[in-house]
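Trainee: Quick one: this structure, given as structure tokens, is what I'll be asking you about.
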Amino acid sequence: MGIWNRFMGKRNEEKQEEEREAAVHTDSTGEGYKKVDVNKPLENFRLNVLLKEAKENQTQTAMNMLFEEIVMNAHFLTVIFLSGQPKPDESGTAVFQKNTTMQMPMISNTGGKHFYPVFTDHNELAKWKQMEKPNTLILTFDDYAAMLEKHEAAEGIVINPFSDNFVLNRKLMAHLKTQKDLRTGGVSRHKVSKDTKVMLGEPKEYPTEMVEAMCGQMEKMPEVKRAWLRLMVKENVQSFLVVVDFTGNREEVFGKIAAAARARLKDRYLDMVSYEDGFGKKAVENVTPFYPARHS
């Protein structure tokens with residue numbers, strides 16, 4: 001196995017359910033992905049060409065094209081271990097039995113850091129000699145980004161670890177996810193990592209229309225208690241930062257607020273974090289919330 005060693009990472013129940021759903025439909029919930037046909041072998045011809053070109057040339061253009069394909073288009077094979085095999089229903093669709101548990105292997109490098117191994121096709125997967133006819137799941141960049149956000153034991157992903165050995169660490173994955181969110185929706189809703197350097201301040205031009213639109217939406221959401229607005233510069237990208245004190249489902253709450261704000265963003269960006277995150281509390285120390293204070 002060269003420099004790689006096996007390491008098992010167990011998935012939590014919430015993620016297991018998401019992965020079971022993905023296994024049935026084999027279609028990412030991310031934006032921009034094309035559906036894949038489970039009856040045909042997975043192919044990533046363009047990605048494989050770009051991996052080779054980036055390795056040989058290592059130019060900025062080559063790397064940008066590679067990242068574009070990974071983030072926006074590619075699907076990957078991921079090995080999974082199941083406590084029980086799915087059984088076909090009357091229509092022939094494979095169905096997971098109740099209480100089925102799922103594990104996804106990680107591999108470690110010589111420095112002891114653990115990564116999720118992902119493969120562009122079955123030929124690459126076959127290079128993992130210890131795996132004989134493994135169960136696989138088809139996932140996308142968005143799926144791995146979500147997994148890394150929830151599980152700190154993994155340092156990132158490695159594409160085709162036994163040939164291309166292309167590593168995307170946690171920090172790079174978070175950066176690429178932010179750029180994708182900003183590009184596709186003008187909004188980023190991920191957690192800000194502890195080692196991310198940011199600058200905070202007050203907006204020079206207060207986005208009154210956007211704030212009013214968000215307040216209008218929040219008034220319909222009893223789960224939202226308070227919200228603050230800051231100007232943030234992170235990794236040379238300027239955006240409005242909204243810190244939200246809420247209960248309930250993070251994605252649902254943030255999604256509704258972002259939808260209300262999006263039409264008023266124009267060419268600007270919006271980030272959202274939870275007040276309960278360490279970063280969120282620090283970001284709004286001694287700052288007056290715009291909701292509900294401005295509507296009280």
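Bear in mind these aren't lab numbers, they're just calculated from the coordinates by the rules spelled out. Worth saying up front: this structure is predicted, and the values here are computed from it rather than measured. Every residue, glycine as well, gets a Cβ built from its backbone with ideal geometry; the counts of neighbours run over all protein chains shown.
Trainee: Mind giving me the nanometre distance, one decimal, between the label points for ALA259 and ASN64, set 7 Å out from Cα along Cα→Cβ?
Mentor: Distance between label points: 3.4 nm.
Trainee: Once label points are set 7 Å from the Cα along Cα→Cβ at both LYS87 and LYS204, what is their separation, rounded to one decimal in nm?
Mentor: Here the answer is 6.7 nm between the modelled labels.
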